[in-house]
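For reference, the structure discussed in these notes is given below.
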Amino acid sequence: MKTLEVRLPGKEYMIEIGSDTLSQVGRTVRFAARGNKAAIITDRSVDALYGDRVRQSLKDEGFDLFTVAVEPGEGSKSMEVYSEVCERLLEGGLTRKDIVVALGGGVVGDLAGFVAATVLRGVDFVQIPTTLLSQVDSSVGGKVAVNLKAGKNLAGAFHQPKAVVIDTNCLNTLPDRVFSDGMAEVIKYGAIEDADLFRRLSSLGGRSGIMSEIEDVIYTCVDIKRRIVEADEKDEGGRMVLNFGHTLGHAYEKSGGYSRYTHGEAVAAGMVKIAEIGEETGITEKGCSDKLRSLIRMYGLPESIEIGLDEYAQAVGVDKKAEGSMINLIFIEDIGKAVIRKMDTASLMELLGRVEG
Ligand code: NAD
Ligand code: MG
């Protein structure tokens, strides 16, 4: 098992990464908890796969516990489900010194985290992420939220967990498409911060290859996210580099009605496209977009998604990263080296037209 510490003054927490950490999770929760009651928030699919193991480990530590299982899927990141879950926690007798345990992917982590940030004006919580995406990305950093009709993640908070427990064995039950979805963020970390990771991913060759070194790969990714979050907890500057591939990715997700493409598929195509634009303007070393393409293909992700220029325009115009008509765009100068550049949307549109043409 490997561990990492996120050092945010007054809110430090440990991240454990290993195989079969689930069967020991009770000890970690005991260490983090002030009270004796624990509420597990999960989704029904994850509950069926891993709920009993987590409950057993918490019972072994003497916790008085109950489980709230929501429907799997993005639909559960809603105000309706949020309020339902809060009511269930209070019916279960949760008090301010008790602890919430989020067991599942990013949907459960974001929902349970927002519940924990707000119910009773805030209770402690522990993250047990079970998808690759949640293990390398959403469980670390303290951003928690639900969706509103006006858009994704628009009601939320910064609420750091008391601990994050990553069990790499959970990844064995992930469908290929969900695994690939998380790989887009893994590739992103290599592209923005770590050329060695990027090369390693190439040499591992795909899902089965990467599973032989998964503990170390996850450690490397989480360590990058940890460093970025420590430097910019509230997303006021440097944390922006994590959006590499996301601005154009957002256009693809939107064009597919947020259901045709996974987030990772859209980000993968977005990374290639922004690298092409970077090469066109001279910001990005020639050849980076080809390196991204081949790695993205290797991990079952699309290297491009065709949409119209009007769809790009629409998505870029309403992008939440917009500041007037200037937007912050994340480029790479080379593999492993991200830069933030301000660009006006008109120039971006002109460049998109050029690389598409
Ligand atoms: P998810 O939570 O919906 O999980 C995907 C599917 O996999 C679900 O059907 C789930 O039931 C199933 N599943 C989970 N673990 C499994 C396992 N071990 N074996 C088999 N099936 C399993 O999706 P996700 O991709 O993990 O998370 C997406 C969410 O994360 C989005 O809502 C996104 O906004 C959010 N997110 C948040 C942050 C952040 O910083 N807070 C960062 C990135 C993404
Ligand atoms: Mg993302």
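The values are calculated or read from the model by the stated rules, or taken from the named source; none is laboratory data. The structure presented is a predicted model; accordingly, all values stated were derived computationally and were not measured. Cβ coordinates were reconstructed from backbone atoms using ideal geometry, including for glycine residues, and neighbour counts include every protein chain displayed.
For the reader, a short list of remarks on this structure follows.
- For segment 173-208, the set of residues classified as more than 29 Å from ASP47 (Cα to Cα) and among the aromatic types (Phe, Trp, Tyr) consists of TYR189, PHE198, listed by residue number.
- From the options VAL123, VAL144, residue that is under 20 Å from VAL70 (Cα atoms), free of Cβ contacts under 8 Å to residues at least 40 places away in the same chain and more than 11 Å from ligand 1 (Cβ to nearest atom): VAL123
- In segment 10-24, of all residues being in contact (Cβ under 8 Å) with a residue 40 or more places away in the chain and exposed (fewer than 15 other Cβ atoms within 10 Å of the Cβ), the one that is nearest to VAL229 (Cα to Cα) corresponds to LYS11.
Okay, residues lined up against (1) within 25 Å of ALA338 (Cα to Cα); (2) in contact with a helix residue (DSSP H, G or I) (Cβ under 9 Å, 6 or more places away or on another chain); (3) within 16 Å of ligand 2 (Cβ to nearest atom):
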position	(1), (2), (3)
VAL100	no, yes, no
VAL123	no, yes, no
VAL165	no, yes, no
ASN169	no, yes, no
ASN172	no, yes, no
VAL186	yes, yes, yes
ILE192	yes, yes, yes
ARG200	yes, yes, no
LEU204	yes, yes, no
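- Test: residue in segment 250-262 that is within 12 Å of ligand 1 (Cβ to nearest atom), among the basic types (Lys, Arg) and assigned by the TED database to the domain that holds LYS342: no
- Condition met for ALA191 (of a type in the set (Gly, Ala, Ser) and surrounded by fewer than 19 Cβ atoms within 10 Å (Cβ to Cβ)): no
- The single condition from (1) away from ligand 2 (no atom under 16 Å from the Cβ); (2) surrounded by 15 or more Cβ atoms within 10 Å (Cβ to Cβ); (3) modelled with pLDDT under 95 that GLU215 fails is (3).
- Within the span defined as segment 218-241, every residue fails to be over 23 Å from ASP110 (Cβ atoms), of a type in the set (D, E, K, R), part of a helix (DSSP H, G or I) and more than 11 Å from ligand 1 (Cβ to nearest atom).
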